[in-house]
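Scroll down for the structure; my scribbles are underneath it.
The values are calculated or read from the model by the stated rules, or taken from the named source; none is laboratory data. As the structure is a computational prediction, the values presented were derived from the model and not from experiment. Virtual Cβ from ideal backbone geometry, glycine too; neighbours counted across all protein chains shown.
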Amino acid sequence: MANTNESGGEGPRLLEHEYDGIREYDNPMPRWWLLTFAGTVIFSVVYLFNVGPVGNGKGRVADYEAEMAAAAALVPTPAGVDPAQLLALADDAGAVGDGQQVYASYCASCHGPDGGGLIGPNLADNVWIHGGAPEAVYKTIAEGVLAKGMPPWEKSLKPEQMTNVTAYVLSLQGTTPTNPKAPEGEPYTP
Ligand code: HEC
């Protein structure tokens, strides 16, 4: 079908059909637009074969789960904390020093500046309510004992702050606080 341009020159061309006196210009999409459109169609086919379950990709759900697992592996969970590593940190002046700063900012208000205990129990004696093994101390700090007024710290402290403040608490064993609170709980012997 031939297109006409009434003035005979460049410009929008009128198509030949006419319905109820309405005529239509032939306005093709610009070339760059058509090329972009064709490109997205080609890309969608390529993409389809890169994702599951059509192509050889694992699929969005599997990708998401893999990323979540990788992220979770970066954060030590109470079950994943190595007691030997915590004990080694308790002898590491750098870790203990960093843990002491965390303790001074977040813990001293309840456990006393030197761990002697205030609202919270004495952390310098060898008697523990929730267990004195390194992983038990870590677990109490991580999960807290909300009903008794001990907040959970796992979410608000960074992973290395968690291990360092645990190391600091462990390093308090055998120190003598100025104003110690009476022991509460069961004695722990390593
Ligand atoms: C708002 C007050 C408060 C703050 C802040 C607090 N604690 Fe506690 N903490 C407590 C109380 C109360 C308990 C006793 C829980 C119980 O009786 O079961 C406790 C218990 C503990 C225990 C277990 C002691 C045991 O005998 O088993 C540890 C370890 C501990 N806290 C460490 C920390 C550390 C480390 C921090 C800072 C990161 C901290 N706490 C911050 C109130 C607090």
So for the stretch 168-186 (the condition being of a type in the set (Asp, Glu), near the ligand (Cβ under 10 Å from one of its atoms) and not in a loop (DSSP other than H, G, I, E, B)), does at least one residue qualify?
yes
Looking at Ala84, Ala88, Ala79, which one is within 20 Å of Lys155 (Cβ to Cβ) and either at pLDDT 95 or above or not basic (Lys, Arg) (or both)?
Ala79
Just the residues that are more than 7 Å from the ligand (Cβ to nearest atom), touching a residue at least 40 places away in the same chain (Cβ under 8 Å) and in contact with a helix residue (DSSP H, G or I) (Cβ under 8 Å, 6 or more places away or on another chain), please, taken from the stretch 102-121.
Gly115, Gly117, Leu118
Looking at Val96, Val102, Val127 in this structure, which one is touching a strand residue (DSSP E or B) at 6+ places or on another chain (Cβ under 7 Å), at negative phi and aliphatic (A, V, I, L, M)?
Val127
Scope the stretch 122-142; condition within 11 Å of the ligand (Cβ to nearest atom), of a type in the set (D, E, K, R) and under 29 Å from the mean Cα position of the chain (by Cα); matching residues
Lys139
Please go through the stretch 143-157 and pick out each residue that is in a loop (DSSP other than H, G, I, E, B) and either of a type outside the set (A, V, I, L, M, F, W, C) or over 25 Å from Ala88 (Cβ atoms) (or both).
Gly144, Gly149, Pro151, Pro152, Glu154, Lys155, Ser156
